[in-house]
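> Just dropping this structure here.
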Amino acid sequence: MVKKIFLVVFALVLVVVGLSFTNQFSHLRNFVSWGVHTIHDYNTHPLRKVAKGDDPQPWSYDSAYNSKQIPDALQAIIDSNDTHAFLVIQDGKLIYERYWDNYDSSRLSGSFSAAKSIVSLLIGIALDEGKIKSLDEPVGNYVDHFKTKGLEKVTIKDLLTMSSGTNYYEGDKSYFSLNAYGYYGDDLEHMVQMMEKKEEPGQFWQYRSGDTQVLGFVVEKVFGDNISNLVSERFYKPMGAEYDAFWLLDGKEKREKAFCCFNGVARDYARFGQLVLNNGRWNGKQIVSEKYIKEAISPAMYLKDREENNAPVDFYGYQYWILKHSGVTAIAQNGLFGQYVYIIPEKNAVVVRLGESKVTKHIHHFQPENFTYVDAALSVLK
């Protein structure tokens, strides 16, 4: 009897192991191997290098560098939120910089969804160069799956503004959610092929990482290259990044997880903010058109926000967040556990905060800590 039970259990184990090597179950195997997601997943996940160039451009130091201190009340919140890096740049110079927990200016940190804004910038370049004819083009022109499943009307702009109307639900944390397939699976194509029409596109805002992954597929298609190489050539090298970065890939097909998973150092994250602050220019070179930048950081007011009684969407553009607080507008790259790059045009400033915050109840789609970081930055800005 014992032998029979052992054989049955052994057979079941073999079945589970066998299934784990299919697209449908590979994410379970990878979850066991990689563990729970953190900002240090570059240590365990497959990845591809985003190479810096041969001519790094270190930030200059402002004459007031680290001369001002953040008020104690704000500093206490920053400390309690497990912050690892906090940088403030004004007029193109470092004015404040601090690290915690053995972090320094050379240590990598994962972006999570702050990477979405980088993908948006690549879409902007594709549009500028005519590789994409219009943001109103159907996605199906570039991604075959969007010619089916009722997705034929979804446009590139719908993806940029998180209004695709698909069944991708960010709040589903189950082991068989599209989230799980996307982050832990072997094949991002398989995840995208599970996306179907839920409602008409271009009407309601709903945050979907799947939308950005499809944008990543569009980018790959029109440039004929992978995202890591593109970010290296189009941004990292011309902007003088100081350190190589890395982008996490799916388990088998080795495609970038476009919806997340860029890994860089704090000073190099700031370069993406400075590029937007400069309206797409870097050292006299127009990397992304000013027209696209201005559209990307403008709220998609024509969309409705179900969470707030169908109010206009005043907080999101093309993969950028828009936060109004303390008399300024902060354009933000925003990632899980508090990975933020803020652009504050009124102060000609860029702010970077990296860390491991706990997720709490949002206020108008923003984690409350956002208000602290903006106030902290304002306290040291001229």
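Derivation of every value follows stated rules applied to the coordinates shown; laboratory data play no part. Note that this is a predicted model, so its numbers are computed, not measured. For neighbour counting, all protein chains shown are included, and Cβ atoms are generated from backbone atoms with ideal geometry for every residue, glycine included.
> If each residue's Cβ is checked for other Cβ atoms within 10 Å, how do Met162, Met301 rank with the fewest at the top?
On the way: Met162 24, Met301 12.
If I rank by nearby Cβ atoms, fewest first, I get Met301, Met162.
> Determine the gain in length on full extension of the stretch Arg107-His362; use 0.36 nm per residue of separation and subtract their C-alpha separation, reporting nm with one decimal.
So the chain would gain 88.9 nm between Arg107 and His362.
> Among the listed pairs Lys131/Lys294; Lys52/Lys93; Lys131/Lys173; Lys157/Lys237; Lys133/Lys304; Lys116/Lys237, which are separated by more than 25 Å between their Cα atoms?
On the way: Lys131/Lys294 20 Å; Lys52/Lys93 20 Å; Lys131/Lys173 36 Å; Lys157/Lys237 28 Å; Lys133/Lys304 27 Å; Lys116/Lys237 20 Å.
In this structure, Lys131/Lys173; Lys157/Lys237; Lys133/Lys304 exceed 25 Å between Cα atoms.
> Quick check on the exposure proxy: order Thr38, Thr148, Thr372, Thr166 from fewest to most C-beta atoms within 10 angstrom.
Lowest count first: Thr148, Thr38, Thr372, Thr166.
> With every atom except the alpha carbons ignored, what do you get for Rg and Dmax of the chain, in angstroms?
Expressed in Å, the Cα Rg and Dmax of the chain come to 21.2, 80.
> Given the -39500 (n - 2.57) contribution per DSSP H run of 4+ residues, what per-residue ellipticity at 222 nm results for the chain, rounded to the nearest 500 deg cm²/dmol?
Details: 12 runs with 118 residues, N = 382.
Counting only the DSSP helices, I get -9000 deg cm²/dmol.
> Continuing with this model, one more query. Going 7 Å from the Cα of Glu253 along its beta-carbon direction, which residues of the range 218-236 have the amide nitrogen within less than 19 Å of the resulting point?
Counting backbone N atoms under 19 Å from the label point, the list is 218-230.
> Also, I was wondering about something else. If I require 24 Å or longer along the helix axis, counting alpha carbons, and a Kyte-Doolittle average no lower than -0.5, what helices from the chain are left? Use full DSSP H segments.
Helices meeting the span and hydropathy rule in the chain are 2-19.
> Over what distance in Å are the Cα centres of the range 279-325 and the range 119-166 separated?
Centre-to-centre distance over Cα atoms comes out at 17 Å.
> Hey, got the dipole for the range 41-380? About the Cα centre, +1 on K and R Cβ, -1 on D and E Cβ, debye to the nearest 20?
Numbers: 38 positive and 46 negative charges, 74 e Å.
It works out to roughly 360 debye.
> If you don't mind, another one. Using 0.36 nm times the number of residues separating Glu307 and Ser326, minus their current alpha carbon distance, what extension gain do you get?
Contour length minus Cα-Cα distance gives 4.5 nm.
> Please provide three numbers in whole Å: the alpha-carbon extents of the range 14-152 along the principal axes, with the largest listed first.
Result for the range 14-152: principal-axis Cα extents of 58, 49, 36 Å.
> Could you work out the per residue convex hull volume over the alpha carbons of the range 80-127, in cubic angstrom?
Details: hull volume 5.8 nm³, N = 48.
About 122 Å³ per residue, rounded to a whole number.
> By counting other Cβ atoms within 10 Å of each Cβ, how are Trp282, Trp100, Trp321 ranked from fewest to most?
Placing the least packed residue first, the sequence is Trp100, Trp282, Trp321.
> Excluding residues on the same chain fewer than 8 positions from Lys285, give the aspartates and glutamates whose Cα lies under 17 Å from its Cα.
Asp55, Asp128, Glu129, Glu233
> Tell me, how many Å apart are the Cα centres for the range 34-60 and for the range 226-254?
Cα centroid to Cα centroid, the span is 8 Å.
> Rounded to two decimals, what is Rg over Rh for the range 222-332 when you use alpha-carbon atoms and the Kirkwood radius? Walk me through the numbers before you get to the answer.
Values: Rg = 16.3 Å, Rh = 16.0 Å.
When Rh is taken as the Kirkwood radius, the ratio is 1.02.
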